[in-house]
Amino acid sequence: MPVRWLPRPLGLGSWFVLGILVAAPLAQILLIAFVPAFGGADGTGMSAALRTHDLWNALGGTLALAFLTMCMTLALGWALAALMVETPLPVAPLWEALLLAPFLLPPYLTGIAWSLLLQPGGYFTQWFGAASAPLGQALYTLPGMAWVMALHLAPLAYLMLRAALLQRADSPRLAARVHGAGRLRSWLQIELPAVAPALAGAALLIFLAASEEYGVPAVIGSYAGVSVLATAVEESVSVWPVDLPKAASLGVILCLLALLVWLPYRRLSRVPTDSPQQRPRPARWSALLPVLVFVLLADVLPIGAILLTSLLRAVTNGITTTNLTLAHYADVLGANSVGLQALRTSLWLSLFTALAALALGLIVAGALLRRKAVPTPSRALDLLASLPTALPGVVVAVGLILFWNAPWNPLGIYGTPLILVISYLTVTFPYALRYAQVGLAASGAQLEFAASVHGAGAVGRFLRVTLPLAMPALAGAASVVFALSMRELVTSVMLQPPGTQVISTYIMNQFLQGDVGDGMAMAVIGVFSSAALLGLARLRLGRA
C-alpha cells in the first residue's frame, strides 16, 4: 500500500535531490572524460588515457589486489563461519563481537597499525629482532597489502557465510552419509551448492570493496611499488599538474569495473532464503585456537599498536616507564589545537550528515513504497538511490569536484565545508535508506489507515504513528551514518577546503609527516567514540 503521509511534491523532490547527489556528478565525469574541452578543462581525455602505461599498470594492480584480497578473505571468513556453526564456542556473543571488531578500524588505520608493527625499528623488530625482518618485507608487497585488507573484510565474509551455513538443512547431509557418501562427496554435491549463492555474493562484494579501496594502497602501496586506480585518480587531482580529464577517465574505468561486480551482486542479494531446522549443536572449546589466532591478528595487534603508539614519546625508544606519556592526547585536545579543531569539525559535519541522511532516507523510502502504483519509476528510483553503494569514493569525489567547481555552476559550495557534507551524504545515503525502509515497514500501513479513518491528517499520522514506530531503525541509521562520516577518508582528502581538517585527514597527515603519536591519539579517540556510539545504538535497537 502506498504511504499516505508523504506529499507527492516531496516524492518528486527525492528525484531532484538524488539527481544532484548522484546522477549529475556521474554525468559530469562522463562528459569531461570523453569531451575534455567541456567546461574549459585542460588535460588528456579517455582516448589518451587508454594509451598510457600508467592506466594499465594501475588497472592490473587493482585487479590483482582485489583478487588476492577476495581469495584470502573468503578463506578466513569461511573457516571462521564453519568453526562457529559446527563447533560453537561457549559465550558465543563475546566471540561474535571479537570477530566483528575489525570493522571498528577503518582500512587505512589497519594499514598504519601493521606498518607500526612491522616497519624497520617497529614493535616486532624491538620484540623479536632480525627474525621479524621477513615479515616486514612481506608487508610491503602485493600479497601483504591483500592480507591487511583481508583482515579488515573477513568479518563481512564471516557474516554472509555464517548465515548461509545456518540456513542449511541437516537432513540432506545426514541422508547422504547414511547412503554411503563420503565427506568430500557430500560436501561437493550437497553442502557446496547450498552455500554457493552466498559464497558468490560474498566474493563479489569483497572484490568490489577491495577494488575501490584507497586507504591501504595510500599507506602501503607506495612502499610496495603497487599502483591502483583509486590512488591514481587521487594523484591526478592532487599532484601538479592537475589533470581533471585524466582523473575523470580513470574514474570512469574504475566505476565500470565496480558496476560490473555490483550488478550481479545486487541480483544475488535478492535470492530468497528459507530457514530450515538444524539439530542443536553443543558448545565446545575445540574451535577456540583458530578464533584466538584471528582475534590476535585482526584485533589485538592492530588496536594494541595504535593504543601503544599514542602512549609513547617515541616508538623507537621501546616500552619503558620513562617513554610513556599522555602528551599526545594533550596535544590533540589542547585549546585551539589543530587536532581539537579537526575533531570538532568532524563531529558537526557528521551530525549534520546524519540528520540530512535521515530526512532524505525517510522521503525516498516513502516514495519507494508507492511501487505498487508506479512500479517502473520506483525501480529506477531504487536503483539511483542504491547506486552510491557501487561508486568508489574517489569517483564520488571527482564527480563532486567537476560538478560543483564547474564554471557554469553559480553555487559557491565547492571549497566550503558543505562540500564535505554532500560527499558524506552521497557515500552513506544507501545505509540510511535501508534503515528507513525497515522502520517504515515496522510501522505498518494498517495503523496509518486506521489513524486516517479516525480523522488524523498527514502530518499527524506521520508524527504520532509512523515516526514513533520507525524511531529505533532511524536511531540505528543515524548512528551508522555518523560513524561512517567520522571515518571517511578519500572524499575528505580530495575535497577538504583549505585550512580545514577532519579526523581522517589529520591522522593521515600526522602519519605521513612522522608525528604518529598525535595521529594515533586522535585515532584512539575517534575509534572508541564511534564504537561507543554504535554500541549504544545497538543496545537501543535491541531494547526497542
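Solvent-accessible surface of the range 40-94, taken per residue with a 1.4 Å probe and all protein chains present: 46 Å². Name all residues of the range 96-122 having a backbone nitrogen under 19 Å from the label point set 7 Å from the Cα of Ala531 along its Cα→Cβ direction, giving them as ranges. Once the point is set 7 Å along Cα→Cβ of Ala531, 96-117 turn out to lie under 19 Å by backbone N, inside the range 96-122. For the pair Phe128 and Ala97 in one chain, pulling the backbone fully straight at 0.36 nm per residue adds 8.2 nm over the alpha carbon distance. Rounded to a whole number, what % of the accessible area of the range 28-166 do carbon and sulfur atoms account for, probe 1.4 Å? Reported share for carbon and sulfur atoms: 76 percent.
For the range 111-169, the calculated P(r), taken from all Cα-Cα distances in 10 Å bins from zero up to the bin holding the longest distance, is 22, 35, 21, 15, 6, 0 percent. Residues of the range 512-526 falling in the label zone of Asn317, defined by backbone nitrogen less than 20 Å from a point 7 Å along Cα to beta-carbon, are 513-522. Packing, taken as the mean count of other beta carbons within 10 Å per residue, orders the peptides 352-359, 233-240, 423-430, 247-254 from highest to lowest as 247-254, 423-430, 352-359, 233-240. Packing around the peptides 208-217, 291-300, 338-347, taken as the average count of other Cβ atoms within 10 Å per residue, puts them in this order, highest first: 208-217, 338-347, 291-300. Between the amide H of Leu312 and those of Thr325, distances stay under 5 Å, these residues lying 5 or more places away or on another chain, with hydrogens modeled in the peptide plane.
Kirkwood hydrodynamic radius computed over the range 53-154 comes to 15.5 Å, based on all pairs of distinct alpha carbons.
Counting 0.36 nm for each residue step from Thr52 to Gln341 and taking away their Cα separation leaves a gain of 99.9 nm. With R₀ set to 35 Å, the beta-carbon distance separating Ala380 from Leu467 gives a calculated FRET efficiency near 0.80.
Quick one: with all protein chains in place, what share of the accessible area of the range 305-425 is carbon or sulfur, to the nearest percent (1.4 Å probe)?
Ligands and nucleic acids excluded, carbon and sulfur give 69 percent.
Grab the beta carbon distance between Leu192 and Asn509, set R0 = 51 Å, and tell me the FRET efficiency rounded to 0.05.
Working: r = 47 Å, r/R0 = 0.93.
The pair Leu192/Asn509 has a calculated efficiency of 0.60.
The values are calculated or read from the model by the stated rules, or taken from the named source; none is laboratory data. Worth saying up front: this structure is predicted, and the values here are computed from it rather than measured. So basically every Cβ, Gly included, is an ideal-geometry build from the backbone, and we count neighbours across all protein chains shown. Just the protein is used for accessible areas: all its heavy atoms, side chains included, with ligands, DNA and RNA removed. Shrake-Rupley method; radii C 1.70, N 1.55, O 1.52, S 1.80 Å.
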